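This report concerns only the one structure given below.
The values are calculated or read from the model by the stated rules, or taken from the named source; none is laboratory data. Here the structure is a predicted model, which means the values were calculated and not measured. Methodologically, a virtual Cβ is constructed for each residue, glycine included, from the backbone with ideal geometry; neighbour enumeration extends over all protein chains shown. Heads up: the accessible areas ignore ligands, DNA and RNA and are worked out on the full protein's heavy atoms, side chains in. Shrake-Rupley method; radii C 1.70, N 1.55, O 1.52, S 1.80 Å.
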Amino acid sequence: MKMGFRFDLLVLAVALLSTPALSDLVLTRVDRRVDLTSHIVRITSTLKVENTGKDSVSEVLLVFPARQVKNLAYLTALSSTGKGKAKTAAVNLPVKNVNSEGMPPALVAYSVSLPEGGLGKGESFTFDVSVVFTHSLQPFPEKITQADTQLLVFEESAYFLSPYAVKVQSLTVKLPHPRVESYTKLENTKIQGSEIKYGPYENLAPFSYSPIVVHFESNQPFVVARELVREIEVSHWGNVQVTENYDLVHGGSQIKGEFSRLDYQARPHIRGAAAFRNLIAKLPPRAHSVYYRDAIGNISTSHLWGDARKTELEIEPRYPMFGGWRTAFTIGYGLPLQDFLFKSGGKRFLNISFGSPISEIIIDTLIVKVVLPEGSRDISVSTPFPVKQWEESVFFMQTKFSHLDVVGRPVVALEKSKVVPEHDQYFQVYYKFNSISMLREPIMLISGFFFLFVACIVYVHADLSISKSSASYLAKVQWEEVQSVIQQVNNLINRCLTVHDKLDASLRDLSRTGDVQACKTARKQADGLLKELSKELKPLLSILQTSPQAVQILPKVEELVVKEKELQDKLMVKHTTVVECYEKKVSGREIENRIASQQNKITALRQEVDDLLDFIDEL
């Protein structure tokens, strides 16, 4: 960082030494005040300019190093006359970027237009210049531990950089804390509390430059929104709904090492001095329906209070914000329509603030979307500073749909980079709207309910039954018949399985009692029952085979019958083998060996039959 700074100074110094004065203007006095009490750098300069030439002058040039202009967020010039109570209201002087002849490339010039008539020979004029920079304070060191305090570096010139000679000038640097690590010491430099004063310096040549560096302590919140999307939705039914989506980061020194929540909770001012835990959002008066949430859901660690003049929301993230840490959340609130919507010249216009309500926040990219009521036309925008308006073709095609919308609501989208609290000014969106269009939604609701009731009446009184001669009705009847037949088949198969279980039970009784005659009797009864069930199955299968509705289910039913028959045959073979063995007085172990293979096949077949039954039941 130091090497880069020295190289910039070398280039700037060479450019300045080779640059002549640009006019006969002289700055008789320059007083500069640099405010470093937050992470936003604010420089206010009071300039008294005198025309020593012969011709009238209509503008004054302000110059800045090109490296500073990259972070320039806000520049304004104000003039006022008188002192104390007699001081008149400040008047904005037009400021614009210019390409002045003879200006070195390392400098960027801005022109301040003087009041009408300009500055004549020998006349003087006093005005104030306010400049705001973002990301101009560099953390040094760049990484700190949880217990360290944050140290920042600020780079500036002790002399006011100007294309004009300066008779007398001074500089005051205000710090947030009296602790100063180091600062550049020049002639007439002194430190008083939290202020460092340079000067006064007299008779400085044009483009005089004397670099200074201040290394100081600052634990102020480094609140940086990488992107903020504000959506302002206007409803002529009495409400302006504002929704703000933040992508926030702590832009200060990044934390290194581990984070201990226990240490932070015990001593937050020591073990978390560089972190911020809450933010204050100053909402407009009479804000209502306020909410604060993130991707997880509603965040209850917030507090809201207010009166007729203000509404303040204290925002507390889910975790303390250390350097480099990020969070994303949404704030939403409603505003009374009559406080922000007005009429002028046959048009309505929305008058609302542009920036963020959060105090001392830098916004790298701010997108403001104004959603107007459906039917709005002839839309135009007026802003107090330049903004990027999305392309016209996109601008008019962009719409948002909400409840009961037909063609959608037009959306005005504005974008600006490097936004600071000074940009929180009012802007206007003008549009035309026919009041009769407000009746569109009530009429749609009334018509919707009317047709709903009419449909209910028609439904109640109309005969919507299906004709018994229609193809769909006949198909339905046939399918119901198929379902009934399938149910009967299932019942018969289950009865067959019950007979199988009784045969198995007779074999178990045989092994226990040795009564062969009783086992043969059970076999004879089972044969009779299975023959009867087989006869009952045949007509049911014939019905399924002739029904077109049973085409898909028939293969499974036939497979079920075949598997049951195969199971029945295997079971009979097993029964005959066991009975014969008992008649021949074969040992029990020998009987088990003879029927082992048969039993395995019986078990597998029984499982297949059960699976087919379950499948058919699901259909």
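Here are the numbers for this structure:
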{"read-out": "Flag for Lys570 being of a type in the set (D, E, K, R), touching a helix residue (DSSP H, G or I) at 6+ places or on another chain (Cβ under 6 Å) and open to solvent by 30 Å² or more (accessible area, probe 1.4 Å)", "value": "yes"}
{"read-out": "Selection count, region 407-437, where residues are open to solvent by 20 Å² or more (accessible area, probe 1.4 Å) and either under 15 Å from Ala225 (Cβ atoms) or over 27 Å from the mean Cα position of the chain (by Cα) (or both)", "value": "13"}
{"read-out": "Region 105-134: number of residues that are part of a loop (DSSP other than H, G, I, E, B) and either in contact with a Lys or Arg (Cβ under 9 Å, 6 or more places away or on another chain) or open to solvent by less than 30 Å² (accessible area, probe 1.4 Å) (or both)", "value": "6"}
{"read-out": "Pair list, Cβ < 8 Å and 6+ apart or interchain, from region 237-256 residues that are under 15 Å from Tyr333 (Cβ atoms) to residues that are among the small types (Gly, Ala, Ser) and open to solvent by 30 Å² or more (accessible area, probe 1.4 Å)", "value": "Gln241/Ser235; Asn245/Ala328; Tyr246/Ala328"}
{"read-out": "Filter pass, Leu452 being surrounded by 12 or more Cβ atoms within 10 Å (Cβ to Cβ) and modelled with pLDDT of 85 or more", "value": "no"}
{"read-out": "Candidates Glu580, Glu608, Glu559, Glu536, filtered to the one that is in the same structural domain as Val489 (by the TED database) and farther than 19 Å from His500 by Cβ", "value": "Glu580"}
{"read-out": "Residue within region 368-376 that is in the same structural domain as Gly257 (by the TED database), out of contact with any Ser or Thr (no Cβ under 8 Å at 6 or more places or on another chain), of a type in the set (Ser, Thr, Tyr) and modelled with pLDDT of 90 or more present", "value": "no"}
{"read-out": "Output for region 582-603, where each listed residue is among the basic types (Lys, Arg) and closer than 19 Å to Asp569 by Cα", "value": "Arg594, Lys601"}
{"read-out": "Selection count, region 286-303, where residues are of a type in the set (Val, Ile, Thr), surrounded by 12 or more Cβ atoms within 10 Å (Cβ to Cβ) and either over 12 Å from Thr243 (Cα atoms) or touching a residue at least 60 places away in the same chain (Cβ under 8 Å) (or both)", "value": "2"}
{"read-out": "Ile315, sole failed condition from (1) among the hydrophobic types (A, V, I, L, M, F, W, C); (2) over 15 Å from Asp247 (Cα atoms); (3) open to solvent by less than 20 Å² (accessible area, probe 1.4 Å)", "value": "(2)"}
{"read-out": "Number of the condition not met by Ser380 [criteria: (1) assigned to a strand (DSSP E or B); (2) open to solvent by 60 Å² or more (accessible area, probe 1.4 Å); (3) under 21 Å from His423 (Cα atoms)]", "value": "(2)"}
{"read-out": "Scope region 283-330; condition farther than 18 Å from His250 by Cβ, in contact with an Asp or Glu (Cβ under 8 Å, 6 or more places away or on another chain) and assigned to a strand (DSSP E or B); matching residues", "value": "Leu283, Ser302, His303, Leu304, Trp305, Gly306, Thr330"}
{"read-out": "Test for Gln487: is it under 30 Å from Leu341 (Cβ atoms), modelled with pLDDT of 85 or more and of a type outside the set (Gly, Ala, Ser)", "value": "no"}
{"read-out": "Every residue from region 205-238 that is of a type in the set (A, V, I, L, M, F, W, C) and open to solvent by 20 Å² or more (accessible area, probe 1.4 Å)", "value": "Ala205, Val213, Val229, Trp237"}
{"read-out": "First in region 103-122 and of a type in the set (Lys, Arg), second anywhere and surrounded by fewer than 18 Cβ atoms within 10 Å (Cβ to Cβ), Cβ under 7 Å, 6 or more apart", "value": "Lys121/Gly53; Lys121/Lys54"}
{"read-out": "Qualifying residue in region 36-48 (condition: open to solvent by 20 Å² or more (accessible area, probe 1.4 Å), part of a loop (DSSP other than H, G, I, E, B) and more than 19 Å from Val173 (Cβ to Cβ))", "value": "no"}
{"read-out": "Of all residues making up region 153-204, the number that are open to solvent by less than 40 Å² (accessible area, probe 1.4 Å), over 14 Å from Val34 (Cα atoms) and of a type in the set (A, V, I, L, M, F, W, C)", "value": "6"}
{"read-out": "Residue within region 416-435 that is on the phi > 0 side of the Ramachandran plot and in contact (Cβ under 8 Å) with a residue 12 or more places away in the chain present", "value": "yes"}
{"read-out": "Single residue of Val562, Val609 found to be part of a helix (DSSP H, G or I), open to solvent by 30 Å² or more (accessible area, probe 1.4 Å), more than 22 Å from Ala522 (Cα to Cα) and among the β-branched types (Val, Ile, Thr)", "value": "Val562"}
{"read-out": "Selected residue (only one of Gly355, Gly346 is crowded, with 18+ Cβ neighbours inside 10 Å and at pLDDT below 95)", "value": "Gly355"}
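Results for (1) within 30 Å of Ile367 (Cβ to Cβ); (2) assigned by the TED database to the domain that holds Leu529, shown as yes or no for each residue.
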{"residue": "Pro421", "(1), (2)": "yes, no"}
{"residue": "Phe449", "(1), (2)": "no, no"}
{"residue": "His461", "(1), (2)": "no, no"}
{"residue": "Glu481", "(1), (2)": "no, yes"}
{"residue": "Ser484", "(1), (2)": "no, yes"}
